[in-house]
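Take a look at the structure below.
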Amino acid sequence: MRVSGNNFTEKVYAYYQQNQLGKDTRGITWQGMLSQVSEGFISSPENPALQILSDYQAWKAQQPPRQLPGSQGATEENKAYLRAHFSGKLDLFQRLDAADTMVEMGILSRDQMLESLGLGDFQLRCIRMDGPAIVCNGPVGRDQRFDPWTNFFSTAPMMRANTLGQLLDVLDSGLKFFSKKDSAAEEVRAVLSQLTMRVPA
């Protein structure tokens, strides 16, 4: 995962990666990390979902304007736009941007997007079964405010969505889970299924 700019999400993800590699992170402190981020860009550092969304909005505001197709729903032009603009490996904010674009296109709702990615009020989590999972919260005596971030990076569904195809799979899985409480979820899942069949992983 790459993220762009000098934001809190980027700083905490770098810390998480160092822990995953077994590097010494004793010199990294919560206050030190906060001080490295420009004032006004910290909204909810102790809540990963809210801070990531805040950092994403700041990132998106710096992107060049774009012109979405005029249609709503899973139209051929919307599908072509998604394939053209979200090809290859997606970093964290590109994943959010792709899903956010689907919301703008009327393919799914914002609540469906947030819940399926692990950013909603009810935060879906997953355990990887395809390899060893390393979860290291840091050195003894660490600031426990890092722990929710470690848990997010190791278990949030959006962390498995490296490509548009994988993102569509994650959204589809989330909608399967939430379809019991959301009658529109099955319809959205059918749309995502159409997209998935046409998007290479």
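The values are calculated or read from the model by the stated rules, or taken from the named source; none is laboratory data. All values reported here derive from a predicted model rather than from experimental measurement. Every residue, glycine as well, gets a Cβ built from its backbone with ideal geometry; the counts of neighbours run over all protein chains shown. Side chains included, ligands, DNA and RNA excluded: accessible areas come from the protein's heavy atoms. Shrake-Rupley method; radii C 1.70, N 1.55, O 1.52, S 1.80 Å.
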ask   = Efficiency by 1/(1 + (r/R0)^6): what FRET value for Q17 and F177, r their Cβ-Cβ distance, R0 = 30 Å, to the nearest 0.05?
value = 0.60
note = For D169, D24, the accessible-area ranking with a 1.4 Å probe, largest leading, is D24, D169
ask   = Ranked from the most accessible area to the least, with a 1.4 Å probe and all protein chains present, what is the order of E115, E46?
value = E46, E115
inquiry  = Need one number: nm distance between label points at R145 and A84, each 7 Å from Cα along Cα→Cβ, rounded to one decimal.
reply    = 4.5 nm
S71 versus E104: modelled label distance in nm, points set 7 Å from Cα along the beta carbon direction = 1.8 nm
request  = Apply 1/(1 + (r/R0)^6) to the Cβ-Cβ distance of D121 and D24, taking R0 = 41 Å, and write down the FRET efficiency to the nearest 0.05.
outcome  = 0.65
